[in-house]
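*Asks:* This is the structure I have questions about; it appears just below.
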Amino acid sequence: MVCAPRAGAGLTYVPMDSWVYAALERLAVRGLVTLQGLTLRPWTRHECAAQVREARRQLREAEGLEPAERADLDEMVRALEREFAPGPEQGAVVVAEAFYGRNGWLAGPFLNDSYHFGTTWQNDSGRPFGRGYNAVAGFRVRAEAGRVFAAVRGEHQRAPGRAEQPQAVRELKARLDDWPTLPATAIPRVNGWKTLEAYVGMRIRNVAVSVGRQELYWGPTADAPLSFSTNAAPTANVKVSLREPIRLGGWFRHLGAIRGEVVVGKLLGHQYTERPYFNGQKISLQLTENLEIGATRWAIFLGAGHPVTVENLWRHLVSIRSGSAEGIRYARDPGDRKTGFDFRYRLPMLGRRVQLYSDSYADDDVNPLAAPRRAAISPGLYFESLPGLRRVDLRLEAASTTPVGQDVGPQFIYYNNQYRSGNTNLGRLLGSPVGRNGRQLQVRTTYWAAARERWEFSYRHLKISNRMLPGGGTQTAGTVRYAWPLGDSWHALLFLQMERFWIPALGGPQKNFSGWFQLQWEPQLTIQPWRE
């Protein structure tokens, strides 16, 4: 057995809450990374290492950089090189990546139902939370042996429970979802083990096949893509991905670098229809070094009352009409099909320091571009630095699940009349926490003191349509995050948030204050059990 301080770059996926995504995107907007695939994540360690190598090469050849600016970029690239340093080339490798603990407190009334009213803590991999003391203690381990790879991320989670909801609230939710009023049920406190991610896979030439509980992040936005994000817990799925982008010959060379992913999985916590499955296909085309576009097709299908037959599967794949329009029986419904289109474009006329991007989503349309007035949309702008403030960036995003053409109420985006628990996994929305009929503006700025030390300030304002809830609703929050290294292997993260929300259906205006402190040890201990 051999132990080394650093691990190699391989086939396992980098968790979406890792610091490397923000750092690599910043380098890409500067033009130091030209092949990135921002619209299809998470990336493997192999993909990240390739981006780091390109950034080093581009930085070495870059001209016209001021000494201080070059020093900042060099420090960021060196930090990424340490993260993805080459490791052992032969034999099996097991890596203890990180051990972490998070302790926090939520004071005051809160929201924890993104499918109906909103959520106070967003995009946190579906972790439970409640009023009072909340805690998480976990670890990440990955392993590789030749073409085979695996990863596990487990946590002990603690969160307070919640009293049963009033009769009026349960009746409102029944009307929104078009199902019977549920009985009063208290939410028990959480104090136990949770496997957040656990998957095993194999590389077959340029294709990686993995099975287990694993993240999906299909879109260019930083807050949350409209189809799959980190707002809900990772789903149990089978995923087939291209390990590296491919380029076709002939006329197809104009498609540029092509990335793709196919997934089939199961959704949990659905009450109507119970035990549904989902499948999805995502393709990303990097047409130029500045322009990348992506297309998504995914659907919820099967489940209780929807038998698995060749006829149903064929109808699900080829039908372009809804079951109600075809007048078919419930058991032959083709499923709840959704589509997406996204892009990101680095603006070359502004020195490649600005990136324009957008995500869009449509229910029961062949593509959001075919019926833009019926689609949800989430555009954004990212400024890598501000004039005179080379270490400060700025991001603006505006997500809307209220269609531009007509506000048709709650039973449209993220909802289906056959799958009435909608786009959720364990009660959390798979996509944007803006919800089923809302509009949100978010402003975020970051001061990069170093590659792994940064201050982040954000403000978001969400407006819920009065066609969704009686009297509508608003949710406003200001957030501060501070990440800093305490040494070569120790890192800390502080999160503070002040929130005000007014959901008339839940009562008058209410406020809360919350925060948590996380300490993480990253030994990157490589264990090689045997070597030839």
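*Asks:* Please go through segment 401-443 and give me each residue that is in contact with a strand residue (DSSP E or B) (Cβ under 8 Å, 6 or more places away or on another chain), more than 20 Å from A174 (Cβ to Cβ) and polar (S, T, N, Q), ordered by number.
*Replies:* T401, T402, N425, S432, Q440, Q442
*Asks:* Determine if segment 413-434 includes at least one residue that is more than 21 Å from T339 (Cβ to Cβ) and in a strand (DSSP E or B).
*Replies:* yes
*Asks:* Applying the selection to segment 126-166, what residues are part of a loop (DSSP other than H, G, I, E, B) and either over 20 Å from the mean Cα position of the chain (by Cα) or farther than 20 Å from P188 by Cβ (or both)? Give the steps one after another, and end with the answer.
*Replies:* Narrowing segment 126-166 to residues part of a loop (DSSP other than H, G, I, E, B): 126-131, 146-147, 160-161, 163-166.
Answer for segment 126-166, where residues must be part of a loop (DSSP other than H, G, I, E, B) and either over 20 Å from the mean Cα position of the chain (by Cα) or farther than 20 Å from P188 by Cβ (or both): G130, R131, G146, R147, P160, G161, A163, E164, Q165, P166.
*Asks:* Quick test for you: out of V238, V207, pick the one residue that is modelled with pLDDT of 95 or more and over 22 Å from D342 (Cβ atoms). Explain how you work it out, then say what you get.
*Replies:* Numbers: V207 fails: modelled with pLDDT of 95 or more.
Matching residue, one of V238, V207: V238.
*Asks:* In addition: Checking the structure you have, find out if any residue of segment 42-65 is farther than 21 Å from L216 by Cβ, modelled with pLDDT of 95 or more and touching a strand residue (DSSP E or B) at 6+ places or on another chain (Cβ under 9 Å).
*Replies:* no
*Asks:* Please specify each residue of segment 406-441 satisfying the condition of being open to solvent by less than 30 Å² (accessible area, probe 1.4 Å), at negative phi and in contact with a Lys or Arg (Cβ under 7 Å, 6 or more places away or on another chain).
*Replies:* Correct list: P410, I413, Y415, N437, G438, Q440.
*Asks:* Regarding segment 381-400, can at least one residue be identified that is of a type in the set (F, W, Y), open to solvent by 30 Å² or more (accessible area, probe 1.4 Å), in contact with a strand residue (DSSP E or B) (Cβ under 6 Å, 6 or more places away or on another chain) and not in a loop (DSSP other than H, G, I, E, B)? Walk me through how you get there before you give the answer.
*Replies:* Step one: filter segment 381-400 for residues of a type in the set (F, W, Y), giving 382-383.
With the extra rule that they be open to solvent by 30 Å² or more (accessible area, probe 1.4 Å), the set shrinks to 383.
Filter once more, keeping what is in contact with a strand residue (DSSP E or B) (Cβ under 6 Å, 6 or more places away or on another chain): 383.
Retained after the next criterion (residues that are not in a loop (DSSP other than H, G, I, E, B)): 383.
The answer is yes; a qualifying residue exists.
*Asks:* Taking the conditions exactly as written (more than 24 Å from A371 (Cα to Cα), buried (at least 17 other Cβ atoms within 10 Å of the Cβ) and either among the hydroxyl-bearing types (S, T, Y) or in contact with a helix residue (DSSP H, G or I) (Cβ under 8 Å, 6 or more places away or on another chain) (or both)), does S458 satisfy them or not?
*Replies:* yes
*Asks:* Cβ-Cβ under 6 Å, sequence separation 6+ or interchain: first residue in segment 382-394 and within 14 Å of V443 (Cα to Cα), partner open to solvent by 80 Å² or more (accessible area, probe 1.4 Å) and of a type in the set (F, W, Y). Which pairs?
*Replies:* V392/Y447
*Asks:* Return the pair list, or none, for Cβ contacts closer than 8 Å from residues in segment 35-63 that are over 26 Å from V209 (Cβ atoms) and among the aromatic types (F, W, Y) to residues that are open to solvent by less than 30 Å² (accessible area, probe 1.4 Å) and outside any helix (DSSP H, G or I), at least 6 apart or on different chains.
*Replies:* That search, which allows pairs on different chains as well, returns nothing.
Each row is one residue, and each column tells you yes or no for (1) under 24 Å from W298 (Cα atoms); (2) touching a Lys or Arg at 6+ places or on another chain (Cβ under 9 Å); (3) open to solvent by 50 Å² or more (accessible area, probe 1.4 Å).
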position	(1), (2), (3)
P166	no, no, yes
P183	no, yes, yes
N191	no, yes, yes
L196	yes, yes, no
N206	yes, yes, no
P220	yes, yes, no
A224	yes, no, no
A232	yes, yes, no
V240	yes, no, yes
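*Asks:* Another one. Looking at (1) over 26 Å from G10 (Cβ atoms); (2) open to solvent by 20 Å² or more (accessible area, probe 1.4 Å); (3) assigned to a loop (DSSP other than H, G, I, E, B), which is the only condition P86 fails?
*Replies:* Status for P86: all satisfied but (1).
*Asks:* Related question: So, in segment 430-471, exactly how many residues are in contact with a Phe, Trp or Tyr (Cβ under 6 Å, 6 or more places away or on another chain), at pLDDT 95 or above and within 30 Å of G265 (Cβ to Cβ)?
*Replies:* 1
*Asks:* Given T34, T12, T39, which one is open to solvent by 10 Å² or more (accessible area, probe 1.4 Å) and β-branched (V, I, T)?
*Replies:* Details: T12 fails: open to solvent by 10 Å² or more (accessible area, probe 1.4 Å); T39 fails: open to solvent by 10 Å² or more (accessible area, probe 1.4 Å).
Going through T34, T12, T39 in turn, just one is open to solvent by 10 Å² or more (accessible area, probe 1.4 Å) and β-branched (V, I, T): T34.
*Asks:* Then there is this: Just for segment 242-286: of the residues that are hydrophobic (A, V, I, L, M, F, W, C) and open to solvent by less than 20 Å² (accessible area, probe 1.4 Å), which one is farthest from A299 (Cα to Cα)? Can you show your working first?
*Replies:* First pass over segment 242-286, keeping only residues hydrophobic (A, V, I, L, M, F, W, C): 242, 246, 248, 251-252, 255, 257-258, 262-264, 267-268, 278, 283, 285.
Of the ones still in play, those that are also open to solvent by less than 20 Å² (accessible area, probe 1.4 Å) are 257-258, 263, 267, 278.
Working: A257: 26, I258: 22, V263: 11, L267: 11, F278: 5 Å.
Here the residue is A257.
*Asks:* A follow-up question, please. Taking the stated definitions as given, is N112 on the phi < 0 side of the Ramachandran plot and open to solvent by 30 Å² or more (accessible area, probe 1.4 Å)?
*Replies:* yes
*Asks:* With respect to A68, determine if the residue is closer than 30 Å to Y447 by Cα and at pLDDT below 95. Can you show your working first?
*Replies:* On the way: closer than 30 Å to Y447 by Cα: yes; at pLDDT below 95: yes.
Judged against the criteria, A68 is a match.
*Asks:* Hey, can you tell me all the residues within segment 460-510 that are in a loop (DSSP other than H, G, I, E, B) and basic (K, R)? Lay out the reasoning, then the answer.
*Replies:* Let us first name the residues in segment 460-510 that are in a loop (DSSP other than H, G, I, E, B), namely 465-472, 486-489, 503, 507-509.
Within segment 460-510, R467 is the sole residue that qualifies.
*Asks:* Restricting to segment 19-53, name every residue that is β-branched (V, I, T), under 17 Å from the mean Cα position of the chain (by Cα) and in a helix (DSSP H, G or I). Explain how you work it out, then say what you get.
*Replies:* Here is the first cut: in segment 19-53, the residues β-branched (V, I, T) are 20, 29, 33-34, 39, 44, 52.
Next cut, under 17 Å from the mean Cα position of the chain (by Cα) only: 20, 39, 44.
Hit for segment 19-53 is V20, nothing else.
*Asks:* When the residues of segment 464-491 are filtered to those that are of a type in the set (G, A, S) and within 22 Å of the chain's Cα centre (by Cα), which remaining residue is farthest from W19 (Cα to Cα)?
*Replies:* Looking only at segment 464-491, we keep the residues that are of a type in the set (G, A, S), and these are 465, 471-473, 477-478, 483, 487, 489.
From what is left, the residues that are within 22 Å of the chain's Cα centre (by Cα) are 477-478, 483.
Working: A477: 23, G478: 21, A483: 9 Å.
Among residues in segment 464-491 that are of a type in the set (G, A, S) and within 22 Å of the chain's Cα centre (by Cα), the one farthest from W19 (Cα to Cα) is A477.
*Asks:* Looking at segment 325-355, which of the residues that are of a type in the set (K, R) and open to solvent by 10 Å² or more (accessible area, probe 1.4 Å) is modelled with the lowest pLDDT?
*Replies:* Only one residue tops the list, namely R329.
*Asks:* Please state which of the following conditions H156 fails to meet, knowing it meets all the rest: (1) open to solvent by 10 Å² or more (accessible area, probe 1.4 Å); (2) out of contact with any strand residue (DSSP E or B) (no Cβ under 8 Å at 6 or more places or on another chain).
*Replies:* Tallying (1) open to solvent by 10 Å² or more (accessible area, probe 1.4 Å); (2) out of contact with any strand residue (DSSP E or B) (no Cβ under 8 Å at 6 or more places or on another chain), H156 fails exactly one: (2).
The values are calculated or read from the model by the stated rules, or taken from the named source; none is laboratory data. Model, not experiment: these values are computed from the prediction. Here Cβ is always computed from backbone atoms with ideal geometry, including for glycine, and neighbour counts include all displayed protein chains. These area figures cover heavy atoms from the full protein model, side chains too; ligands, DNA and RNA do not enter into them. Shrake-Rupley method; radii C 1.70, N 1.55, O 1.52, S 1.80 Å.
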